[in-house]
Amino acid sequence: MKSFRKPAAVAVVALALAALPVTAEAHDGNHPFENCSEAYENGYSNIKEGDEHYGEHLDRDQDGIGCDNPPAGFVPAEDEGTDGAEDTAGQEDTDLAETGGNSATPYIAGGGAAVLLAGGGLLVVVRRRREVR
């Protein structure tokens, strides 16, 4: 029975560690966006060469300005949610781009819960088999 416990523990740890890199993929602002869709979702357009968010892959016409064709209804990050009449000084910004959450967060949390439940179930089965013997 001891020979079964170690591989099972290793498998549970490997699954848990495999889920970790997925949770750290939020845009931290220190690198170019992956594509213009990501830039537009975060409120960026017309990203000039030299900006920390600029990348040659974002500048299709090579004019030094990336993501220069925003979709209809695009709202720049600094204008988002304000009409100029509100005073936002002193308020904490809880934008999802700032907290690192995205549409995949519930799936990641569900996957983590499934791994924990599977590990707990495995422990229960192993303990019951020990009691029988």
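Throughout, read-outs are computed from the coordinates displayed, never taken from laboratory work. Predicted, not measured: the structure shown is a model, and the values here were computed from it. Don't worry about glycine lacking a Cβ; one is built from the backbone with ideal geometry, like all the others, and counts go over all protein chains shown.
Across the range 60-65, rounded Karplus estimates of 3J(HN,Hα) from the backbone phi angles (6.51 cos²θ - 1.76 cosθ + 1.60, θ = phi - 60°) give 5, 8, 6, 9, x, 10 Hz, Gly and Pro being marked x. Each label point was placed 7 Å from the Cα along the Cα-to-Cβ direction; for Arg130 and Asn46 their separation is 6.7 nm. Taking θ as phi - 60° and the Karplus parameters 6.51, -1.76 and 1.60, the scalar couplings of the range 35-41 work out to 7, 5, 4, 5, 4, 5, 4 Hz in sequence order, x denoting glycine and proline.
Take the Cβ atoms of Asp61 and Glu34, set R0 to 22 Å, and the FRET efficiency comes out at 0.70.
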